[in-house]
Amino acid sequence: MRAEITEKERVSAIKEAITIIRRNLPEYTYKCQDANSNGGIYKPIDNIEWTTGFWPGELWLSYLETGDEIFAHAAGILVTSFYERIKKHIAVDHHDMGFLYTPSCVAAWMIKRDAMAREAALMAADNLVSRFQEKGSFIQAWGAMGADDNYRYIIDCMLNLPLLYWATDETGDEKYRTIALRHTATCIANSFRPDYSSYHTFFMDKETGKPLRGETCQGYKADSSWARGQAWGVYGLALAYRHTGEHSYLDLFEKVSAYFMEKLPEDMIPYWDLIFQSGDEPRDSSSASIVACGFLDAADSYEKLQEYDKARKYRKAAKELLKAVYDTCMVHADESGINGLVKHGTYSKKSPYNTCTEAGVDECVSWGDYYWLEALVRLGGTWKSWW
């Protein structure tokens, strides 16, 4: 029987995380945190990466937990940076508007009613909508729009779609929600194999809009299942159900989740690709935290459906994943030479079969830190999701 994180451990982990975040404030208030650490330390960077929304997300979570205005003040400074970025269209020719603007600016609007944050998030939603391809019915991930070698989407985009649901809720304009639904339908139709593993990226025919082939960029190979991609699928489907009430999304969530859990090694920290269940390959602790968030979101949905057995099942599984991260990957506040929250993450691992540039292998990764803290806060039962 696998151990679950206890309430005492949850509270302790949040305290340790917030101690580290507070210590990091001077470094990352007027600069952003890089996507991954190098040798345990995050480099301060300009606001140009797809990952820079996660650090302000950690600040907002810290503010909600402590009430300390220093976290809100620092997050507000970063909101100004995000406003300038989208206003001036700096490094936003891609689909990651949700990762950027949901934990930074949607959060700021929800918590502080920051009008600049709301405007920035709506501009980001418009930018995301502009990447929708009618032929194929998907949001193009990267590259020049319509480019032959980039006429594709990636499974990660399931976490960008909540920004569109939020934009419809804010404005009453159904175009955002409609595009989110259309992209979701395309992803579900093509990205999941018969065994409920997932493709990282999927190419569509530019002329006909028909599906062409699934491939990988960051997974081990095209027909394996990249751990973080499977995790995005798990959390993305849970969120898709919450925003739509479409029960087929929840049914698929269960099957995609089962595949993820079946491929875990004994210690429950996934390898960077689920094709590996043992050996010396790098782990990706961030995938465990992402899935835990998805499980907790789904558990809330099952409770509202009065399916209490399933709610307990997924809450228990989330606690088991979080216990594994707590025991083997969590950074303690007194550790020297490391300023992230969670060790043993992997950004991109090069293989003979993929196309990625290797980076951030066995390091802290910004989304891993963020989703770890989100899961811990969410487990407390009072957090209102901004996804």
Per the C-alpha gyration tensor (a ≥ b ≥ c, the square roots of its eigenvalues), the range 1-87 is rounded if a/c is under 1.5, else prolate if a/b beats b/c, else oblate; here it's prolate
Please name whichever of 278, 82, 17 sits farthest to the positive end of the charge dipole of the chain, dipole taken about the Cα centre and charges placed at Cβ: Lys and Arg +1, Asp and Glu -1. 82
Given charges at beta-carbon only (K, R positive; D, E negative), |dipole| of the range 117-257 in Debye: 220 debye
Probe of 1.4 angstrom, ligands and nucleic acids ignored: what's the accessible area per residue over the chain, in square angstrom? 38 Å²
In whole Hz, what ³J(HN,Hα) sequence does the range 218-223 give by Karplus (6.51, -1.76, 1.60; θ = phi - 60°), x for Gly and Pro? 10, x, 5, 7, 4, 9
For residue 91, net neighbour charge (Lys/Arg +1, Asp/Glu -1) across residues whose Cβ lies under 12 Å away: -3
Links exceeding 19 Å between C-alpha atoms in this model, out of 255/316; 175/255; 15/112, come to 175/255; 15/112
For the chain, what class follows from the C-alpha gyration tensor (a ≥ b ≥ c being the square roots of its eigenvalues): rounded when a/c is under 1.5, otherwise prolate if a/b is larger than b/c, else oblate? rounded
Relative contact order, percent, of the range 85-139 when contacts are C-alpha pairs under 8 Å separated by at least 6 residues? 36 percent
Within the set 357, 171, 186, GNM on the chain using Cα springs under 10 Å gives the largest fluctuation to 171
Residues other than residue 261 with Cβ under 12 Å of its Cβ, Lys/Arg counted +1 and Asp/Glu -1, net out at +2
What's the longest piece of the chain with no exposed GluC sites (Glu not before Pro), counting a site as exposed if DSSP puts it in a loop and it has at most 11 other beta carbons within 10 Å? 1-133
J(HN,Hα) series, the range 196-206, from Karplus relation 6.51 cos²θ - 1.76 cosθ + 1.60, nearest Hz, glycine and proline x: 6, 6, 10, 7, 5, 10, 9, 8, 10, 6, 5
How much of the accessible area of the range 1-76, in percent, comes from carbon and sulfur atoms when a 1.4 Å probe is used? 55 percent
What's the carbon and sulfur percent of the range 251-374's accessible surface, probe 1.4 angstrom, rounded to a whole number? 45 percent
In deg cm²/dmol, rounded to 500, what helix-only [θ] at 222 nm does the chain give when every DSSP H run of at least 4 residues adds -39500 (n - 2.57) and the total is split over its residues? -16000 deg cm²/dmol
Charge context of residue 207, other residues only, Cβ under 11 angstrom, K/R +1, D/E -1: +1
Checking the cross-link filter: which lysines have an alpha carbon closer than 22 Å to that of residue 349, excluding same-chain neighbours under 8 positions apart? 43, 221, 263
Among 338, 380, 366 the positive-end extreme of the charge dipole of the range 321-387 (Cβ point charges): 380
Taking the dipole of the range 210-319 about the Cα centre (Lys, Arg +1; Asp, Glu -1; charges at Cβ), the one of 236, 260, 292 that reaches farthest to the positive side is 236
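The values are calculated or read from the model by the stated rules, or taken from the named source; none is laboratory data. A quick note: this is a predicted structure, and the numbers were derived from the prediction, not measured. FYI the Cβ positions are ideal-geometry reconstructions off the backbone, even for glycines, and counts take in every protein chain you see. These accessible areas exclude ligands, DNA and RNA; they are computed on the full protein's heavy atoms, side chains included. Shrake-Rupley method; radii C 1.70, N 1.55, O 1.52, S 1.80 Å.
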